[in-house]
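Comments concern the structure below.
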Amino acid sequence: MTIPFYEDALQSTQIATLSAAGAVEFVGEPEYHGDPLGSGVPCFHHFGWALLQDLRDAGFNDAAAHRVSDVTRGLPHGIWVIVANR
């Protein structure tokens, strides 16, 4: 999955919600992330390490975060890859 994962945060933070009418309502300052097909998509959460337990609680097994770095494949600084199986 591609998500805003914050390795320094224990808990996840909600950034936006959907109203009953389906409109995006931001909790604080509006935040949009890149979208190659448009002008950006609203960010709803900043996920911290609690995400792994949330995935387990949702029925996924062995939820884990792996730091992946490979200069030859364009990942010189590394990214977090979340792996969970049902």
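Can you tell me which residue in segment 34-55 is nearest to the chain's Cα centre (by Cα), limited to those that are in contact (Cβ under 8 Å) with a residue 40 or more places away in the chain and in a helix (DSSP H, G or I)? Full working, then the answer.
Of the residues in segment 34-55, the ones in contact (Cβ under 8 Å) with a residue 40 or more places away in the chain are 45-51, 54.
Right, trim to in a helix (DSSP H, G or I) and you get 50-51, 54.
Details: Ala50: 11, Leu51: 9, Asp54: 12 Å.
Only one residue tops the list, namely Leu51.
Of all residues in segment 3-40, which are within 24 Å of Ala84 (Cα to Cα), among the hydrophobic types (A, V, I, L, M, F, W, C) and surrounded by 10 or more Cβ atoms within 10 Å (Cβ to Cβ)?
Ile3, Phe5, Ala9, Ile15
Within segment 73-83, track down each residue that is over 15 Å from Ser12 (Cβ atoms) and either in a strand (DSSP E or B) or at pLDDT 90 or above (or both).
Result: Leu75, Pro76, His77, Gly78, Ile79, Val81, Val83.
Being at pLDDT 95 or above and more than 17 Å from the chain's Cα centre (by Cα): is that true of Ala58 here?
no
The values are calculated or read from the model by the stated rules, or taken from the named source; none is laboratory data. This structure is a prediction, so every number in the text was calculated from the model and none was measured. Note that each Cβ is placed from the backbone with ideal geometry, even for glycine, and that neighbours are counted across all protein chains shown.
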